[in-house]
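Right, one structure below, let's go through it.
The values are calculated or read from the model by the stated rules, or taken from the named source; none is laboratory data. Quick caveat: nothing in here was measured; it's all calculated off a predicted structure. Every residue, glycine as well, gets a Cβ built from its backbone with ideal geometry; the counts of neighbours run over all protein chains shown. Surface areas here come from the heavy atoms of the whole protein model, side chains and all, with no ligands, DNA or RNA. Shrake-Rupley method; radii C 1.70, N 1.55, O 1.52, S 1.80 Å.
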Amino acid sequence: MSASDEGIAGAGGYAPHPYIGGRTSVLRALAAWRMRWPGAPRVIVLTGSPGSGRSRLLTGFLMLCDPRFRKQLPLDAMDPATVPPDLPAPAVPSPVGRTAAQLLGLLADHFELGAARSEDICTELAAREEPVTIVVPDVDRAGPVRAADEPARVVRDVLKPLAATTTVQLLADVPRELAAELAAALPSGQVRIIDLDDPEWADPEGLVRHAEAALTLGPPELPFCTDPSARRALAEALAERANGNRLTLQLAVQSLIMRPEGVDRADPSMLPGSIGEALDLHARRLGADPQTLRLVLAPLAFAEGAGLPVQLWGALADAVAGRDMSRELADGTPLAAPFLQPAEGSQRDEANDGKTAGARDGDTADGGRTLLRLLHPGIAEEIRAGLPDVPGTQTRIAMALLDAVPQQDWSRADPYIRDHLAAHTLEAGLLPQLLTDPGLFAHADPVAMRAAIEAVPLDRLGAPARTYLRTAPLLTRSPAPAGLRAAYLESAFVEDGLAPYAEALHRLGFTLPWRTLWSVPLAGVRAVTTGALTPADADGAPAAAALPDGTTAAAAPGAETDGGVGPGPASGAPTSRPVATFVVPEGTPGSRTVPGPDGEASADGAAGALLVHDLLRPEYVDADPARVRPASEEARAAAPFGFSHGPDSLQIWARANREGVATLVSDTPITGAALSPDGVLVVATERGVTARQILAAPDAPTVPAQRTGAADSAASDGLEGTHS
């Protein structure tokens, strides 16, 4: 299986793969791996330089492995050694734009596994009687944030454990700097690295055919596009100069077709030998400064996600260059065209889910916008490598993006800015300074925001960012709209003692389903109830009772604006005091054991003690829990809301029409819940107890029910992924 096999295949009269046009030696090695040929490695690591054609090769091979595509290929005319047997298609989880955790979720879903961690997934796969085949393409494009180095995490957390599992047959396309690390985890006989830049896997004739096919697509008035001999001669010169790099050759052909003047295949200086030379030669042939072309393309080289909106291109080009680039951009279509492609915008639309007061009708995430991206990630790498100060460039880009937010109102910001500003500030080293705005937390794509924050050392993050990071699993486990994300963050800020940030979310115009009144970090709570103390007890309760740890609670900010629910009339007449009671372990400071009729059993016949807490304020109440009176059956029946809950989720519904008005999902198991007749929800989890005043109108739903599965992953393309 060497380069000489290409000549043998051609001499045998075999037809080349119609999509790849060559690569016979590599296809033979991959076919032997697929059929588990004796001596073939169990794990293959495919690698090469940017533009070497790894993705195209792997796509062509997967066509041979998928029964649907095999029917469209001339298998009988192809080299039999390159055609794997007709087997079920392998699992192909796409890591493009996904985190390592999301990739594991795809694998677990595909193989119908109950596990989520890599070690548990591999344990279940190892227990299978039949081996499983997994192909992981495009690892270099993993992760929602480029600077977060997700490819390394995918190799460490996903590919290494899979490669070590003897029942897994693995083929992975990884960057060269990670290939040796992955292969080093296995004995040499079980793994093989196929580096497409190695002469052993060279395919010079296939590269010539690739150039010929590309030239054929040019305009008929060009001789080297229509005359077979001229086309062949130019293709051979291009292929020889490109030194095996498919991207270099492709860029050269596109440049020549756009500006054919001055083509001399006998002059090597007129043909590019690298991606960088392809950029510079094209600029010179159009009479432009190569540095100008690189500055025009630089914003796209730093673009995140699906691509950069056209309307932001000019401002970012000005920021990168440090001067007005409007003239260069206006004249730059022919200059930049060979290196660009349109990108499909995402369909994330938050204009009407949790709309803020400043949002305009018709605002959509990417609706009606044109997104552009560079033709290949290798072009972006070349442009970034040529800049003297990448962090400084990212700083200027981030400042330009911030300036483009209308009146600093995130509801009116371009979705690209909301979702990807964190990624730009991460590489600039400024992300911790950005993470103080609750509006950005609520509006930004939580998957990208979480990935960016996780790339920052924890000791560099402020308290709001740590709260966001703690809440992120709730925000990413299902496609929650901005309003619901704001509601979860509002509760999290109160739980972490950051009440001003919670209040800020209420002022941003979100229609939140609740207002969090208070939260206490109390472990071991087994149940909660709501009720009222009799006037005698209420009269004797201190204004600020001692907490279990001996401290004194202060009123929560905003407690006076809790939706109209107050502690009672302002007169000095004794009134019933709304309270919540917690069943806690015996010996909890401040708790009291309530004897039953026999003098021994505690309340409700359960071993434990009771703590009493004010229902509306962050205050423990020093009162006898035996005198707490629950709401009457009549009051409960007349209450506007009811609720039901599972192990980690809770649904509030209107009694009038049984429609859901709020959904609460917890990142820790729910150990108790109670809902007062006036709509105060008290929920105990393993972390503590939190009270929320339900704000939703009882006669209309405001928050759709959310899926509450355990997977922390984004929606999947399907296990075939996208390999084009």
task: Output the number of residues of the stretch 1-25 satisfying the condition of being under 18 Å from SER52 (Cβ atoms) and either modelled with pLDDT under 60 or touching a strand residue (DSSP E or B) at 6+ places or on another chain (Cβ under 6 Å) (or both).
output: 4
- line: Counting only residues in the stretch 625-653 that are over 28 Å from ALA499 (Cα atoms) and in contact with a strand residue (DSSP E or B) (Cβ under 7 Å, 6 or more places away or on another chain), the one surrounded by the fewest Cβ atoms within 10 Å (Cβ to Cβ) is identified as ARG629
field: Residues of the stretch 666-682 classified as open to solvent by 10 Å² or more (accessible area, probe 1.4 Å), touching a Lys or Arg at 6+ places or on another chain (Cβ under 8 Å) and within 16 Å of GLU490 (Cα to Cα), total
entry: 1
message: Contact list please: Cβ distance under 8 Å, first residue in the stretch 221-233 and farther than 15 Å from VAL263 by Cα, second residue not charged (D, E, K, R), pairs at least six apart or on different chains.
response: THR226/PRO220
- line: Residue pairs qualifying under the 9 Å Cβ cut-off, at least six apart or on distinct chains, with the first in the stretch 304-327 being over 27 Å from GLU150 (Cα atoms) and free of Cβ contacts under 8 Å to residues at least 12 places away in the same chain and the second being among the charged types (D, E, K, R) and open to solvent by 30 Å² or more (accessible area, probe 1.4 Å), are ASP324/ASP318
message: Anything in the stretch 98-154 that is over 28 Å from GLU381 (Cβ atoms) and of a type in the set (D, E, K, R)? List them, or say none.
response: ASP109, GLU112, ARG117, GLU119, ASP120, GLU124, ARG128, GLU129, GLU130
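For the stretch 159-178, does any single residue satisfy the condition of being out of contact with any His (no Cβ under 6 Å at 6 or more places or on another chain), of a type in the set (D, E, K, R), open to solvent by 50 Å² or more (accessible area, probe 1.4 Å) and farther than 26 Å from PRO88 by Cβ? I'd like the intermediate steps shown before the answer.
Going residue by residue through the stretch 159-178, those that are out of contact with any His (no Cβ under 6 Å at 6 or more places or on another chain) are 159-178.
Applying the additional criterion that residues be of a type in the set (D, E, K, R) yields 160, 173, 176-177.
Subsequent filtering for residues that are open to solvent by 50 Å² or more (accessible area, probe 1.4 Å) retains 160, 176-177.
From what is left, the residues that are farther than 26 Å from PRO88 by Cβ are 176-177.
Within the stretch 159-178, one or more residues are out of contact with any His (no Cβ under 6 Å at 6 or more places or on another chain), of a type in the set (D, E, K, R), open to solvent by 50 Å² or more (accessible area, probe 1.4 Å) and farther than 26 Å from PRO88 by Cβ.
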- request: Answer yes or no as to whether PRO342 is open to solvent by 60 Å² or more (accessible area, probe 1.4 Å) and either out of contact with any Lys or Arg (no Cβ under 6 Å at 6 or more places or on another chain) or not in a helix (DSSP H, G or I) (or both).
  value: yes
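Among the residues in the stretch 245-252, are any of a type outside the set (D, E, K, R), open to solvent by less than 50 Å² (accessible area, probe 1.4 Å) and not in a helix (DSSP H, G or I)?
As a first pass, look at the stretch 245-252 and keep what is of a type outside the set (D, E, K, R): 245, 247-252.
From what is left, the residues that are open to solvent by less than 50 Å² (accessible area, probe 1.4 Å) are 245, 247-249, 251-252.
Imposing the further condition that a residue be not in a helix (DSSP H, G or I) reduces the set to 245.
Yes, there is a match, as at least one residue in the stretch 245-252 is of a type outside the set (D, E, K, R), open to solvent by less than 50 Å² (accessible area, probe 1.4 Å) and not in a helix (DSSP H, G or I).
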- line: Residue count, the stretch 56-88, condition within 26 Å of the chain's Cα centre (by Cα) and surrounded by 22 or more Cβ atoms within 10 Å (Cβ to Cβ), comes to 1
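Could you tell me which residue of the stretch 99-138 is surrounded by the fewest Cβ atoms within 10 Å (Cβ to Cβ), considering only residues that are assigned to a helix (DSSP H, G or I), charged (D, E, K, R) and at pLDDT 90 or above? I'd like the intermediate steps shown before the answer.
Step one: filter the stretch 99-138 for residues assigned to a helix (DSSP H, G or I), giving 100-110, 118-126.
Within this subset, residues satisfying the condition of being charged (D, E, K, R) are 109, 119-120, 124.
Next, from what is left, pick out any that are at pLDDT 90 or above: 109, 124.
On the way: ASP109: 14, GLU124: 17.
Looking at the filtered set, the residue picked out is ASP109.
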task: Mind telling me which of the residues LEU498, LEU440, LEU475 ends up being surrounded by fewer than 22 Cβ atoms within 10 Å (Cβ to Cβ) and touching a Pro at 6+ places or on another chain (Cβ under 7 Å)?
output: LEU498
Pairs where the first residue, in the stretch 266-286, is under 16 Å from SER49 (Cβ atoms) and in contact (Cβ under 8 Å) with a residue 24 or more places away in the chain and the second is open to solvent by 20 Å² or more (accessible area, probe 1.4 Å) and among the aliphatic types (A, V, I, L, M), C-beta under 8 Å, 6+ apart: PRO272/LEU281
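From the residues in the stretch 195-207 that are open to solvent by 60 Å² or more (accessible area, probe 1.4 Å) and more than 36 Å from the chain's Cα centre (by Cα), which one is farthest from GLU236 (Cα to Cα)? Explain how you work it out, then say what you get.
Looking only at the stretch 195-207, we keep the residues that are open to solvent by 60 Å² or more (accessible area, probe 1.4 Å), and these are 197-200, 204-205.
Now restrict to residues that are more than 36 Å from the chain's Cα centre (by Cα): 199-200, 204-205.
Details: PRO199: 18, GLU200: 20, PRO204: 9, GLU205: 9 Å.
Result: GLU200.
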message: Looking at ALA684, ALA696, ALA674, can you tell me which residue is more than 24 Å from ARG470 (Cβ to Cβ), in contact with a strand residue (DSSP E or B) (Cβ under 6 Å, 6 or more places away or on another chain) and in a strand (DSSP E or B)?
response: ALA674
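Restricting to the stretch 258-284, name every residue that is outside any loop (DSSP other than H, G, I, E, B), more than 34 Å from the chain's Cα centre (by Cα) and closer than 23 Å to PRO377 by Cβ.
In the first step, residues of the stretch 258-284 are kept if they are outside any loop (DSSP other than H, G, I, E, B); the result is 258, 268-270, 275-284.
When the remaining residues are screened for being more than 34 Å from the chain's Cα centre (by Cα), the result is 258, 268-270, 277, 280-284.
Scanning the stretch 258-284 gives MET258, GLU277, ASP280, LEU281, HIS282, ALA283.
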- prompt: Can you pull out the residues in the stretch 88-110 that are among the hydrophobic types (A, V, I, L, M, F, W, C) and touching a helix residue (DSSP H, G or I) at 6+ places or on another chain (Cβ under 7 Å)?
  reply: ALA89, ALA91, VAL92, VAL96, ALA100, LEU103, LEU104, LEU107, ALA108
statement: Residues in the stretch 208-218 that are among the aliphatic types (A, V, I, L, M), assigned to a helix (DSSP H, G or I) and either more than 36 Å from the chain's Cα centre (by Cα) or within 26 Å of ALA32 (Cβ to Cβ) (or both) total 4
task: From (1) free of Cβ contacts under 8 Å to residues at least 12 places away in the same chain; (2) buried (at least 24 other Cβ atoms within 10 Å of the Cβ), pick out the condition that doesn't hold for GLY143.
output: (1)
- request: Select from the stretch 146-158 the residues that are charged (D, E, K, R) and open to solvent by 30 Å² or more (accessible area, probe 1.4 Å) and write down the one among them that is nearest to GLY97 (Cα to Cα).
  value: ARG146
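Would it be correct to say that ARG192 is in contact with a Pro (Cβ under 6 Å, 6 or more places away or on another chain) and open to solvent by 20 Å² or more (accessible area, probe 1.4 Å)? Can you show your working first?
Details: in contact with a Pro (Cβ under 6 Å, 6 or more places away or on another chain): yes; open to solvent by 20 Å² or more (accessible area, probe 1.4 Å): yes.
So ARG192 passes the test.
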